[in-house]
1. May I ask for log10 I(q)/I(0) of segment 430-496 at q = 0.20 Å⁻¹, from a Debye sum over the Cα atoms as equal point scatterers with solvent left out?
2. In sequence order, what are the phi-derived ³J(HN,Hα) couplings for segment 468-473 according to the Karplus relation 6.51 cos²θ - 1.76 cosθ + 1.60 with θ = phi - 60°, rounded to whole Hz, with x for glycine and proline?
3. For ARG391 and VAL522 in one chain, what is 0.36 nm times their gap in residues minus the Cα-Cα distance, to one decimal in nm?
4. Please list, in order along segment 133-140, the HN-Hα scalar couplings obtained from phi with the Karplus expression 6.51 cos²θ - 1.76 cosθ + 1.60 (θ = phi - 60°), rounded to whole Hz, x for Gly and Pro.
5. Cα-Cα over 23 Å: which of LYS330/LYS377; LYS314/LYS475; LYS154/LYS216; LYS154/LYS288; LYS354/LYS507; LYS355/LYS484?
6. Per residue, what accessible area does segment 479-555 have, given a 1.4 Å probe and all protein chains present, in Å²?
7. Using a 1.4 Å probe, what is the accessible area per residue for segment 291-431, in Å²?
8. Would you tally the net charge around ASP225, using a Cβ to Cβ cut-off of less than 13 Å, leaving ASP225 out, and scoring K and R as +1, D and E as -1?
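The values are calculated or read from the model by the stated rules, or taken from the named source; none is laboratory data. As the structure is a prediction and not an experimental result, all values here were calculated from the model. Glycine gets a Cβ as well: all are built from the backbone with ideal geometry, and neighbour counts include every protein chain shown. Keep in mind that these areas ignore ligands, DNA and RNA; they rest on the heavy atoms of the full protein, side chains included. Shrake-Rupley method; radii C 1.70, N 1.55, O 1.52, S 1.80 Å.
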Amino acid sequence: MSMSGNIFGMIVLEGCHSDHKASSNAMQISRLANGEAETNIHDPNDPTLEQGFNGRQGNLGSGGIIASTCHDYEGSGDVSGISTDGMTSKKYSRQHEDMTLQDIYSKEGDFDDEDDSDWEPLEKHIPVVKWFCVNCTMVNVDDAIYCHICGEHKESGILRHGFLALPSQEADSILNISSERDGELEASCSRTSAPHKSTAVGFDDRMLLHSEVERKSLPHPERPDRLRAIAASLATAGIFPGRCHPITAREITREELQMVHSDENIESVELTSQCVASYFTPDTYANKDSALAARLAAGLCADLASAIYSGRAKNGFALVRPPGHHAGVKQAMGFCLHNNAAVAASAAQVAGAKKVLIVDWDVHHGNGTQEIFEQNKAVLYISLHRHEGGRFYPGTGAANEVGSMGGEGFCVNVPWSRGGVGDNDYIFAFEHIVLPIAYEFAPDITIISAGFDAARGDPLGCCDVTPAGYAQMTKMLSSLSSGKLLVILEGGYNLRSISSSATAVIKVLLGESPESMLENVVPSRSGLQTVLDVLMIQNQFWPTLGSVFSDLQSRWGSFACQEIKRKKRRRFVVPQWWKVGRKKFLHYILSEQLRLNSKGHRKASLWF
Ligand code: Q9C
Ligand code: ZN
């Protein structure tokens, strides 16, 4: 059977081998699960949202080159591009190949290679070669050598060397020397470090098989290259393989999944293995291998958690995808199929852990993890995320969501009110909320839901956390639960940012000390405001916060007011003509932009 059409909020099944009954079942499950999520989705910085998912096409995976027309990007969704992988075909070039000379003369109107858009504005086929940036997925015109969004070279070496790759390909030869040394490093390390003492890393090639089948106008940000780039960084640095102990992947069992998910989640994910392509939400895809990848991701997390809790590994990093923290009891959403962190927490409990702490620093709120443990006092969930009063995806995670039915206080949300949040605000929140609560809770194991989409350069998160910031946060959590720390990859979509951040985090797991960022942590005014809001709410559950709050009041109490005053005072008196003139100037600039865009040029620059 085949059901298709990209209807938002509905699972789309194509080329399914399952019977009709099973498929419509999945549709219903998906619709039910998504009704809630669809109402509060609004992510102004998400390019995929602005584009509309119907409009994305022409992915070549790793920064390939595609010939297509400018008008493809208007979101019509019709496939008219040549891609080297043969996924899409194009009428335009077939015409050329199949036509005789006579055909060409008699149909001369259809045959024009030149850019004549100036005199024939309705002409749809203007060949412009474009490439997708391997680092950030954004589209660029052919004459650009560096990505206009992130600066990555067109022929980036990032998948071979991770963030250590220099911007251009020619520079790779320099790095070949260091990758040749990997073998030696690996040999020496596997001799010296016994597994039980070491940092364990969970990875499996089969998680790369999960990818979006339908080619859209932009590659999906949650793509296999994310793991390739991080793996390449770790390999180039001699960390993995090398200094870490690899964990063999196994598929999570149905029984283990049932500890955190209902049959609706489990069965709807299972069903996707019978389909070429399915969608849980417009942004949450599956192919025939996705269910396997999700079971391996969850299985790796479970095994890492139990190995770390029982002391067989010192700590660990789960290099996994698809991510998990948006997957709730029933539904897959937000690029997530099964909730890896929740499965890991449950595995740690099976291994004997009485108290589990989950710290979630992905830029998005982990609505799934919160839902799964909402009523659970044994699992403390602390999330820091962009919230903006519920306008940032997924919209949940306000400070007053504290847990329910006896689980009050075991859910702690730190909801940033704006984008651009950086190291100082995160570390400030760690000092005044995360650590005081975590130490009072005294977990037996700590799990980090480590999305790197709050990183500087991330196209979805648009925040400003640096690798040093992530290293510092890891360090701050590493003295909890006798160092039993499991880091699980969640989101993060700029390959350079995620690989440098993940590398910085693993170095801390290996015992390297990042230079302390703790001196002079000055929060932003809005960051301070958020921290005070959270303290006001959480201090009824965590008595230790009372003193933190009064301490903050006395040290920073006047800070917020001061800032407002300074902003209101006009610092330079400007003449009246400038006030009027600059508006005219701005108008001129903008209309020039619009004029260019209406001709189909520089379209991409408006995508962010
Ligand atoms: N249709 C993770 O980082 N974007 N997931 C909103 C609304 C969804 C992010 C699109 C972002 C999901 C694991
Ligand atoms: Zn995220």
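1. Calculated log10 I(q)/I(0) at the listed q: -0.84.
2. 5, x, 5, 4, 4, 4
3. Length difference between fully extended and current span is 44.5 nm.
4. 5, 5, 7, 10, 6, 6, 8, 10
5. From LYS330/LYS377; LYS314/LYS475; LYS154/LYS216; LYS154/LYS288; LYS354/LYS507; LYS355/LYS484, over 23 Å: LYS154/LYS288; LYS354/LYS507.
6. About 40 Å² of surface per residue is accessible.
7. For segment 291-431, the per-residue accessible area is 22 Å².
8. Values: positive: ARG160, ARG223, ARG226, ARG228, ARG321, ARG496; negative: GLU152, GLU212, GLU222.
Residues near ASP225 contribute +3 overall.
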